[in-house]
Amino acid sequence: MLDEQKKQRILVVTSVAAERDAVMQGLGEDARFTVAVGGVGPASAAASTARALAKVQYDLVVCAGICGGFVGRTEVGSIAVASEIVCADLGAETPDGFCSVDELGFGSARVPVAGELAERVERAMQKAGLPVGRGPILTLSTVTGTAETAQALADRMPEALAEAMEGYGVAVAAQAAGVPVLEIRTVSNAIGPRDKSAWRIKDALEALRKGSSVLREVL
């Protein structure tokens, strides 16, 4: 538990209502959790999270939802727990390739997570028999849609497990408020060409429900 001496307040931010519903089904009637729809993309997610944190004092923020997974690193239907939250397209294009905002010296595109807590979440999900991995989760304003872009991103981020659109926004709002953050995603599709016939959104939402049930026991 975060701190067994006092009742915790935990904010869970999803991007859309279907993710919120899956999380709430997994959490059940646990008054510690507030589950909010923050909107699609890092800007909406950051604004929604900051607004919620300005109103209530939370002990932890969790960004939760479905995602795309890198082929060979995580499977469709599995769970990704972030070891780090990275805004993968925040930087500049140069003749030599992409240059991150970190390399430019204008801040950081990386937000650390509550590392010990992320490890505990991963172990608990493994114990529950859920397929889970831990590694960087990328945030992009435009998700990957071609094999070429997927390969370039995989080469540039060799440890990343997955990509989504909100984690960095949620994370920078939490960081600014001094609140620890986690990101937990379930994989609905492989990163690459947009083949909607291969997407398993229902399976990913069910995995999100199951993962949220475990999350309730860990936090």
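The values are calculated or read from the model by the stated rules, or taken from the named source; none is laboratory data. Given the structure is predicted, the values throughout are model-derived calculations rather than measurements. As a convention, Cβ positions derive from the backbone with ideal geometry for all residues, glycine included, and neighbour counts pool all protein chains shown. In case anyone asks, the SASA skips ligands and DNA or RNA and just uses the protein heavy atoms, side chains included. Shrake-Rupley method; radii C 1.70, N 1.55, O 1.52, S 1.80 Å.
Can you tell me which residues in region 26-38 are without any contact (Cβ under 8 Å) to a residue 40 or more places away in the chain and touching a strand residue (DSSP E or B) at 6+ places or on another chain (Cβ under 9 Å)?
Scanning region 26-38 gives T34, V35, A36, V37.
Quick test for you: out of E183, E116, pick the one residue that is within 17 Å of V40 (Cβ to Cβ) and either within 17 Å of the chain's Cα centre (by Cα) or of a type outside the set (G, A, S) (or both).
E183 is the lone residue from the list that is within 17 Å of V40 (Cβ to Cβ) and either within 17 Å of the chain's Cα centre (by Cα) or of a type outside the set (G, A, S) (or both).
Give the residues of region 114-128 that are open to solvent by less than 20 Å² (accessible area, probe 1.4 Å) and within 18 Å of V61 (Cβ to Cβ), sorted by residue number.
L117, A118, V121
Which of the residues belonging to region 104-126 are of a type outside the set (D, E, K, R) and in contact (Cβ under 8 Å) with a residue 60 or more places away in the chain?
V111, V113, A114, L117, A118, V121, A124, M125
Would you mind stating whether V23 is touching a residue at least 40 places away in the same chain (Cβ under 8 Å), under 24 Å from V132 (Cβ atoms) and surrounded by 20 or more Cβ atoms within 10 Å (Cβ to Cβ)?
Spelling it out, V23 is indeed touching a residue at least 40 places away in the same chain (Cβ under 8 Å), under 24 Å from V132 (Cβ atoms) and surrounded by 20 or more Cβ atoms within 10 Å (Cβ to Cβ).
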